[in-house]
1. Show me, for segment 72-77, the HN-Hα J-couplings you get by feeding each phi into the Karplus relation (A = 6.51, B = -1.76, C = 1.60, θ = phi - 60°), rounded to Hz, glycine and proline as x.
2. Using only the alpha-carbon atoms, what does the chain span along each of its principal axes? Please give whole angstrom values in decreasing order.
3. Using amide H atoms built 1.01 Å from N in the peptide plane, name the residues 5+ places from ASP159, or on other chains, whose amide H lies under 5 Å from its own.
4. Taking every Cα atom in segment 57-110, find the radius of gyration and the maximum pairwise distance Dmax, and write them in Å.
5. Mind listing the Cα extents of segment 112-151 along all three principal axes, in Å, largest one first?
6. Return one whole number: the accessible area per residue of the chain in Å², for a 1.4 Å probe.
7. Would you please state the base-10 log of I(q)/I(0) at q = 0.14, 0.15, 0.17 1/Å for segment 79-193, with intensities from the Debye formula using one equal scatterer on every alpha carbon?
8. Express in nm, to one decimal, how much length is gained between SER88 and GLU39 on full extension, taking 0.36 nm for each residue of separation and deducting their alpha carbon distance.
Amino acid sequence: MRKIEFTNPHRKKHFEYFKAMNHPHYSITANVDITRFLEYIKDKELKFTPSMVFQISATAHKIKPFLQRIRGNEVVEHEFVHPSFSVSTKVSDVFSFCEVKYYGEFQDFYRRAIDRIRLMQEDPVFEDEEERDDYLFLSAIPWVSFTSITHAMHYHPHDCIPRISWGKHFEDGDKIMMPLSLTGHHALIDGKNMGDFFNAFQEQLEL
């Protein structure tokens, strides 16, 4: 983790402008092509959720603002951020949080994710560790091919952890498309960063 200082005057004004807002968060939803991704995981006999969580996490690590967090009047940038994602449970009709540490290597992540998902389905938790901001909050809405989504979050003080959600995939000609939504704090994540994420994610899925 390292401290970030915005030395460019315009970038600093941009940060202060959006940081002062009561609701500095915004979202973009777009459909992404997961045709090749589905073919790959089917061929390798991999499960969808841990594979998708890894691809989203890997993409986030390519876009530096998705690793940055606001702490008071300071900004820090983590080397790694770790996905905390929703999974269904066998003991209730509501979901559980499921955190898996991310360090950039797929096979190790996938094995740990499978074990962690199984545990959370049997013994769910509904809280993340306090005082930690090295998360990515991910969620699946596999019942709906949504075109937009909002999230519950803290506004005072502002929660600056990105939210990334995916929905039900669908056929579009010879392609399989999936809605993907990004929600970020505008003081850290600008529109170009969102666009960079979508482009990098599409490249990430061309396995």
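1. x, 9, 10, 10, 10, 10
2. Result for the chain: principal-axis Cα extents of 51, 41, 30 Å.
3. Under 5 Å from the amide H of ASP159: HIS154.
4. 14.3, 42
5. 30, 26, 17
6. Spelled out: the 1.4 Å probe surface of the chain, per residue, equals 55 Å².
7. Evaluating at q = 0.14, 0.15, 0.17 Å⁻¹ gives log10 I(q)/I(0) of -0.71, -0.81, -1.03.
8. Extending this stretch completely gives an extra 15.2 nm.
The values are calculated or read from the model by the stated rules, or taken from the named source; none is laboratory data. Everything numeric in this text was worked out from a predicted model, so none of it was measured. Keep in mind that these areas ignore ligands, DNA and RNA; they rest on the heavy atoms of the full protein, side chains included. Shrake-Rupley method; radii C 1.70, N 1.55, O 1.52, S 1.80 Å.
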